[in-house]
Every structure is written in structure tokens, then in C-alpha cells.
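To start, the structure itself, in C-alpha cells.
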Amino acid sequence: MVPLGTPMPEFTLPDASGQTHTAQQVCGDRGTLVIFMCNHCPFVVHIADMLGSLASRYMPQGIGVVGINSNDIEAYPQDGPEAMIEFARTHDLKFPYLLDASQEVARAFDAACTPDFFLYAQSRRLVYRGQLDDARPGSDAPVSGRDLIAAMDAVLEGTPVPHEQVPSLGCNIKWKAAD
């Protein structure tokens, strides 16, 4: 896992409609949440409505939110741009949902799975890389957002985010085959 304190990588990526977004543009005044996600992963689908709720709650408070889909869309066309637009609409995702077709951004962040959460403080230094909460598809644990909410609240309050963080669990990023 990327060490806490690591600077947020720079990126320029298109959303599903082709509009370009930079890291600078998606950053909030008080922090930034980067979510590696996709449309078909059951772990993402399980929490997708919560992602929309979190963005609606925290973006007005100054935490920028961005979703990045780094899956190989040739091998997994269900993660392609048209499906990204529909997924965002269905789950009321008001944040930019970007396509990392080269997968270079996922590698720069050292993203491993979907979902994978990276929370940066105002300084654009990593303060949290962990799970949303204990909820998993097929489990009885409710989707509460507990772990990530605690981290985002700490960023807003200017208090330290706990260093003990449970890694996110989900589907592996669908990497392109090596040439």
C-alpha cells in the first residue's frame, strides 16, 4: 500500500462524454477523495448509492470527489463509457467519473481493486487508504460508510486520521494484457 503522506499524483483524464478533467480541477478546498471503481464489480455495485450520498454530503463542505475507472474496457465492455454514464445516473453520482484507458493513473496511485479509496488532505497528501466500511455483497453488515466517513470528518475537522486503516476489498482492477 502507498504510504500515508504520499503526494497525490497528477492526472488528466476524460469523463465518459469526453470532457477532460485534471487532478487540480477535481481537488476540493479542504481535501480530495479519489475512488477507483467500475460499473460491473459487485463490491462497487453494493455501495454505489452510498458513494452518491457521500459526495452529496461532503462536496459542499469542500472535499472534492472523483471516480476513476481503470479497467480494460476492451476485455470488459460493460465498464465502457456508455455504461459509465448510465451507472452514474442510476446511482446519482454527482462527481466526475473518469476513464483511465491507459491505466497509467491507476499505476501512479498504486490502485489495486474496485473500489479502492484514497483520501487526501488539503495539502494533497494521502491521509487515508482503506475500506468504506465492513459491508460486502452477501454479508449482513449494512452499508454505513463508517470508516471513510470518520476519515473525511477528521480531514474537515483538521484532526489526525487514524493510522490503523483496513484495506479496501473488491475486484482486482482488470489490467490489460502485457504486449
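Structural remarks
- Filter result for L119 (closer than 16 Å to M37 by Cα, out of contact with any helix residue (DSSP H, G or I) (no Cβ under 7 Å at 6 or more places or on another chain) and assigned to a strand (DSSP E or B)): no
- A search for C-beta distances below 7 Å between a residue of segment 64-89 that is on the phi > 0 side of the Ramachandran plot and any residue that is among the basic types (K, R) and not in a strand (DSSP E or B), counting only pairs 6+ apart in sequence or on different chains, returns nothing.
Listed here are the residues, each with its yes/no results for (1) touching a Phe, Trp or Tyr at 6+ places or on another chain (Cβ under 7 Å); (2) closer than 26 Å to G5 by Cα; (3) assigned to a loop (DSSP other than H, G, I, E, B).
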residue	(1), (2), (3)
P137	yes, no, yes
P142	no, no, yes
A154	no, yes, no
V161	yes, yes, yes
V166	no, yes, yes
K176	no, no, yes
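- Scanning segment 151-164 for residues that are within 22 Å of R30 (Cβ to Cβ), over 16 Å from the mean Cα position of the chain (by Cα) and not hydroxyl-bearing (S, T, Y) turns up D153, A154, V155, L156, E157, G158, P160, V161, P162, H163.
- For segment 99-122, taking the residues that are under 13 Å from the mean Cα position of the chain (by Cα) and of a type in the set (A, V, I, L, M), the one that is surrounded by the fewest Cβ atoms within 10 Å (Cβ to Cβ) is identified as A112.
- Failed criterion for R125 (all others in (1) in contact with a Ser or Thr (Cβ under 8 Å, 6 or more places away or on another chain); (2) on the phi < 0 side of the Ramachandran plot; (3) surrounded by 15 or more Cβ atoms within 10 Å (Cβ to Cβ) hold): (3)
Here, each number is a calculation from the coordinates, and none is a lab measurement. What you see is a predicted model; the values in this text were computed from it and never measured. When we count neighbours, we look across all protein chains shown, and the Cβ atoms used for this are built from the backbone with ideal geometry, even at glycine.
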